[in-house]
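Undergrad: For reference, the structure I am asking about is given below.
The values are calculated or read from the model by the stated rules, or taken from the named source; none is laboratory data. Fair warning: this is a prediction, and the values are worked out from it, not measured in the lab. Reconstructed Cβ throughout: ideal geometry from the backbone, glycine too, with neighbour counts over all protein chains shown.
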Amino acid sequence: MNVYKRIYREIKKYQTIVIARHIGADPDALGSTLGLKDVILNTFPNKKVYTVGTPASKHKYIGQLDTFDESMYNNSLLIVLDTPDIKRVDGVDPLKFSKKIKIDHHPLVDKYCDIEVIDTSSSSASQLILELVFSTKLKLNKSGAEKLFTGIVGDTNRFLFYYSSYRTFYLVSRLLKETNIDITKVYESMYLKSIEDKKLQSYIVNNIKITDYSLGYIMINQDILDELNTDVATITNIVNDLTYIKEMVAWVIFAYDKANNNIRASIRSRGPIINEIASKYNGGGHIYASGARLDNFDEALKMVEDLNDVCKTYLDKI
């Protein structure tokens, strides 16, 4: 049986469904989970569907999350999206659920669910949810379509990245044809910036260091966050805004995460393979877009050395 049809049967079977995603949620993690919730409720209005995890205030425009309680473990289906390893599932313990499904576009790290869809050629988890919808009797509605479109746009950076394939454009065109969502409104929600956001971007551009091998890096401690009146999530989300600076082939933003007492690293690349370095530092992701959690800024300096070596190897070959 087609794996999407198996997933549809499980969704149809369970009255209570919990949808989770990775810690440090981005637009794809939120768009895919909240979008899937809308789709399931549009198809099965009487089901109880919950999206869980720590809210991300910067992306609250995508939708409202639910509060998890222990009773939701009882005879429930868990669907985990956009999360390759069990330790990064936000808000729940996957092993406590009756049935577990994982749908992800990252390289496999842990196998922790009964049914797993892993497709690294997909642009995003949101694209995979569209695949699920169009392969089954699930019914796409306008609200769900807006969220899934948001997730795809977020992970492809407006279809600029290499994994924006013909399949991505086919699914998005079908989504637009069937729901006629207002994409201008979606883009404004995602990319409208305050003057303070632009000042933060300027701070990073003015203070980023660039090595001899075209690695850009900046370290932002709590004092700087306080001075700029911002937080770690806002700072690290600026990483995609640095994509087309010609002096850099890869870049990383390190910022102190007060809530977790660690350093969040957001890494991007236009050529060097970076996810192996991210994995070395308790992280992971795609070959050109990854993240990690470090213990301190001394460890961040070691990551800079490793990333710089990767950039050197890349530049030596071209």
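Undergrad: Going by what's in this entry, would residue 214 be described as out of contact with any strand residue (DSSP E or B) (no Cβ under 6 Å at 6 or more places or on another chain), at pLDDT below 95, over 22 Å from residue 56 (Cβ atoms) and surrounded by 12 or more Cβ atoms within 10 Å (Cβ to Cβ)? First the steps, then the outcome.
TA: On the way: out of contact with any strand residue (DSSP E or B) (no Cβ under 6 Å at 6 or more places or on another chain): yes; at pLDDT below 95: no; over 22 Å from residue 56 (Cβ atoms): yes; surrounded by 12 or more Cβ atoms within 10 Å (Cβ to Cβ): yes.
Answer is no for this residue.
Undergrad: Moving on to the next point. Answer yes or no as to whether residue 147 is buried (at least 23 other Cβ atoms within 10 Å of the Cβ) and touching a helix residue (DSSP H, G or I) at 6+ places or on another chain (Cβ under 8 Å). Steps first, answer last, please.
TA: On the way: buried (at least 23 other Cβ atoms within 10 Å of the Cβ): yes; touching a helix residue (DSSP H, G or I) at 6+ places or on another chain (Cβ under 8 Å): yes.
It is true that residue 147 is buried (at least 23 other Cβ atoms within 10 Å of the Cβ) and touching a helix residue (DSSP H, G or I) at 6+ places or on another chain (Cβ under 8 Å).
Undergrad: All but one of (1) within 18 Å of the chain's Cα centre (by Cα); (2) buried (at least 24 other Cβ atoms within 10 Å of the Cβ) hold for residue 133; which doesn't?
TA: The single condition residue 133 does not satisfy is (1).
Undergrad: Scan 244, 191, 281 and give me the residue that is out of contact with any His (no Cβ under 8 Å at 6 or more places or on another chain), aromatic (Phe, Trp, Tyr) and in contact (Cβ under 8 Å) with a residue 12 or more places away in the chain.
TA: Numbers: 244 fails: in contact (Cβ under 8 Å) with a residue 12 or more places away in the chain; 191 fails: in contact (Cβ under 8 Å) with a residue 12 or more places away in the chain.
Among 244, 191, 281, only 281 is out of contact with any His (no Cβ under 8 Å at 6 or more places or on another chain), aromatic (Phe, Trp, Tyr) and in contact (Cβ under 8 Å) with a residue 12 or more places away in the chain.
Undergrad: Given (1) in contact (Cβ under 8 Å) with a residue 12 or more places away in the chain; (2) out of contact with any strand residue (DSSP E or B) (no Cβ under 6 Å at 6 or more places or on another chain), identify the lone condition not met by residue 291.
TA: (2)
Residue by residue, here is whether (1) under 13 Å from the mean Cα position of the chain (by Cα); (2) surrounded by fewer than 20 Cβ atoms within 10 Å (Cβ to Cβ); (3) outside the structural domain of residue 141 (by TED's automatic domain parsing) holds:
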{"position": "9", "(1), (2), (3)": "no, yes, no"}
{"position": "12", "(1), (2), (3)": "no, yes, no"}
{"position": "22", "(1), (2), (3)": "yes, no, no"}
{"position": "31", "(1), (2), (3)": "yes, no, no"}
{"position": "40", "(1), (2), (3)": "no, no, no"}
{"position": "67", "(1), (2), (3)": "no, yes, no"}
{"position": "102", "(1), (2), (3)": "no, no, no"}
{"position": "105", "(1), (2), (3)": "yes, no, no"}
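Undergrad: Right, something else. Within the stretch 158-188, track down each residue that is closer than 23 Å to residue 60 by Cα, of a type in the set (A, V, I, L, M, F, W, C) and part of a loop (DSSP other than H, G, I, E, B).
TA: Scanning the stretch 158-188 gives 159, 181.
Undergrad: Here is a further query. Please specify each residue of the stretch 45-58 satisfying the condition of being in a loop (DSSP other than H, G, I, E, B) and either surrounded by fewer than 17 Cβ atoms within 10 Å (Cβ to Cβ) or in contact with a strand residue (DSSP E or B) (Cβ under 9 Å, 6 or more places away or on another chain) (or both). First the steps, then the outcome.
TA: Just the residues of the stretch 45-58 that are in a loop (DSSP other than H, G, I, E, B), to begin with: 45-47, 52-56.
Those that are in a loop (DSSP other than H, G, I, E, B) and either surrounded by fewer than 17 Cβ atoms within 10 Å (Cβ to Cβ) or in contact with a strand residue (DSSP E or B) (Cβ under 9 Å, 6 or more places away or on another chain) (or both): 45, 46, 47, 52, 53, 54, 55.
Undergrad: Restricting attention to the stretch 260-312, report how many residues are under 28 Å from residue 124 (Cα atoms) and either among the hydrophobic types (A, V, I, L, M, F, W, C) or in a helix (DSSP H, G or I) (or both). Reasoning before the result, please.
TA: Going residue by residue through the stretch 260-312, those that are under 28 Å from residue 124 (Cα atoms) are 260, 262-294, 300, 303-304, 306-308, 310-311.
From the residues that got through so far, the ones that are either among the hydrophobic types (A, V, I, L, M, F, W, C) or in a helix (DSSP H, G or I) (or both) too are 263, 265, 267, 273-280, 287, 289, 292, 294, 300, 303-304, 306-308, 310-311.
Here the count works out to 23.
Undergrad: Evaluate the following for residue 87: is it part of a helix (DSSP H, G or I), within 30 Å of residue 231 (Cα to Cα) and not β-branched (Val, Ile, Thr)?
TA: Working: part of a helix (DSSP H, G or I): yes; within 30 Å of residue 231 (Cα to Cα): yes; not β-branched (Val, Ile, Thr): yes.
Here the answer is yes, as residue 87 does meet what is asked.
Undergrad: Tell me which of these residue 233 doesn't satisfy, since it passes every other one: (1) farther than 20 Å from residue 82 by Cβ; (2) in a helix (DSSP H, G or I); (3) among the aliphatic types (A, V, I, L, M).
TA: The one condition residue 233 does not meet is (1).
Undergrad: Let me ask another. Taking the stated definitions as given, is residue 129 assigned to a helix (DSSP H, G or I), among the β-branched types (Val, Ile, Thr), at negative phi and not assigned by TED's automatic domain parsing to the domain that holds residue 34? Break it down into steps so the answer makes sense when it comes.
TA: Values: assigned to a helix (DSSP H, G or I): yes; among the β-branched types (Val, Ile, Thr): yes; at negative phi: yes; not assigned by TED's automatic domain parsing to the domain that holds residue 34: no.
In short, no.
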